[in-house]
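Take a look at the structure set out below.
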Amino acid sequence: MTRGPTLPAHRLPYPSGSLDRVTIPALPEQTRVPPASGGLAGLNAATADEAREALLACLRSPRWAQRVAAHRPYPDLDALLAAADEAAYDLTPTELAEALAGETLPPLPEDTYSAAHTALSAAHAAYEARFGHVFVIHLGGTPPEEALDRTLEGIRSRLANDPDEERAVTADQLRHLARARLTTHLSN
């Protein structure tokens, strides 16, 4: 995998200044969902372009966003989530790679020590070297103080997967992330 002169979006830069602690912003730009404009009713009433744009903030797959937007209007959130799941199950390896390109590592909690930062960077580098894409994990319901441990545990355990198995796990994690982002987007 070829990299440019700058770090990719999913890679956290080494902390500048004090080496004791590093503070990471609350949410990377790639995972920020635009504020909801009218919840489900707003998504149903949006133009096709507006709906696709809002959906792309949940999963960076143009085909997935197109398929979910094309089936509007949705009677309720459950119907939307079912359609989102169905559209995500059909992602080709190329579309999966495209969706992964828009993902970032989960943010580290404030006051994370540089050793934890280094451990996460090393684990992610090993994962990316093995599988050729970023590591994604849905941390829904995980307390912030446990997010780093769960992320490291996930990377380390999934490094033992074969590429086909990991592709399936990664696609499943992306589905979970898309569902969580849709729910958040529509409930604001």
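The values are calculated or read from the model by the stated rules, or taken from the named source; none is laboratory data. Keep in mind it's a predicted model, so treat the numbers as computed, not measured. Backbone-built Cβ (ideal geometry, glycine too); neighbour counts: all protein chains shown. For accessibility, only protein heavy atoms count, side chains too; no ligands or nucleic acids. Shrake-Rupley method; radii C 1.70, N 1.55, O 1.52, S 1.80 Å.
Listed here are the residues, each with its yes/no results for (1) of a type in the set (A, V, I, L, M, F, W, C); (2) under 26 Å from Trp64 (Cα atoms); (3) open to solvent by 30 Å² or more (accessible area, probe 1.4 Å).
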| site | (1), (2), (3) |
| --- | --- |
| Ser114 | no, no, no |
| His117 | no, no, no |
| Val134 | yes, yes, no |
| Glu146 | no, no, yes |
| Asp149 | no, no, yes |
| Arg158 | no, yes, no |
Worksheet item: Does Thr92 meet the test of being among the polar types (S, T, N, Q), within 21 Å of Leu139 (Cα to Cα) and either open to solvent by 10 Å² or more (accessible area, probe 1.4 Å) or modelled with pLDDT of 95 or more (or both)?
Response: no
Fill in: Subset of the stretch 53-67 (residues that are open to solvent by 50 Å² or more (accessible area, probe 1.4 Å) and either touching a Gly at 6+ places or on another chain (Cβ under 8 Å) or outside any helix (DSSP H, G or I) (or both))
Arg60
Worksheet item: Of all the residues that make up the stretch 99-112, how many are modelled with pLDDT of 90 or more and surrounded by fewer than 17 Cβ atoms within 10 Å (Cβ to Cβ)?
Response: 1
Worksheet, complete the sentence: Reported set for the stretch 160-169 where residues are at pLDDT below 95 and open to solvent by less than 30 Å² (accessible area, probe 1.4 Å) is none
Item to complete: Keeping to the stretch 159-169, report how many residues are farther than 10 Å from Phe131 by Cα and assigned to a helix (DSSP H, G or I).
Response: 3
Worksheet item: Can you tell which of Glu50, Glu86 is out of contact with any strand residue (DSSP E or B) (no Cβ under 6 Å at 6 or more places or on another chain), among the acidic types (Asp, Glu) and surrounded by 15 or more Cβ atoms within 10 Å (Cβ to Cβ)?
Response: Glu50
